[in-house]
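The values are calculated or read from the model by the stated rules, or taken from the named source; none is laboratory data. These figures come from a predicted structure and were not determined experimentally. Counting neighbours? That spans all protein chains shown, and the Cβs are built from the backbone with ideal geometry, glycine included. Accessible surface areas use protein heavy atoms only, side chains included; no ligands, DNA or RNA. Shrake-Rupley method; radii C 1.70, N 1.55, O 1.52, S 1.80 Å.
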Amino acid sequence: MAHIVYIVECADKSLYTGWTNDLEKRIHSHNHATIGAKYTRGRRPVKLVYSEVLPSLKCALQREAEIKRLSRVQKKALIRQKQGESLATP
C-alpha cells in the first residue's frame, strides 16, 4: 500500500499539506466532499502541486509533520524542486 504526502494549492493560493493512501480519491474529496478537511472546503477548488510516496505510514506521518513545519517560502521551494525533477525525468 502506498503512503503519500501531498500539498494542494487552494483557490486563495494557500497551501494545505496532508497524507493519504489513495491520492486521486483524496483530491476528489478535497474538491467535492462535505466531510474531510474543513480547511479546504471553503477554499475550493484545490490543485495538487506536490506529492511524495513513502515506504510506511510512520514515514508518511513524519514527513507530513516536517512539511507542515516549513514556512510558505520553504514549501514553495520544495514544490519548485519537485517540479524541476519531474521536468528532468525522460
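Of all positions in segment 20-34, at least one carries a residue that is of a type in the set (A, V, I, L, M, F, W, C), open to solvent by less than 50 Å² (accessible area, probe 1.4 Å) and under 14 Å from ILE4 (Cβ atoms).
To keep it simple, each residue is scored yes or no on (1) polar (S, T, N, Q); (2) under 15 Å from VAL8 (Cα atoms); (3) exposed (fewer than 12 other Cβ atoms within 10 Å of the Cβ); (4) modelled with pLDDT under 95.
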site	(1), (2), (3), (4)
GLU52	no, yes, no, no
ALA60	no, no, no, no
LEU70	no, yes, no, no
GLN83	yes, yes, no, yes
PRO90	no, no, yes, yes
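Just for segment 39-50: of the residues that are part of a helix (DSSP H, G or I) and open to solvent by 50 Å² or more (accessible area, probe 1.4 Å), which one is nearest to LEU15 (Cα to Cα)? Step by step, filter segment 39-50, then rank; the result is TYR39.
Here is the figure for segment 7-38: residues that are part of a loop (DSSP other than H, G, I, E, B), modelled with pLDDT of 95 or more and closer than 28 Å to PRO55 by Cβ total 2.
VAL73 falls short on exactly one of the conditions (1) of a type in the set (Val, Ile, Thr); (2) closer than 23 Å to GLY84 by Cα; (3) within 14 Å of the chain's Cα centre (by Cα), and that condition is (3).
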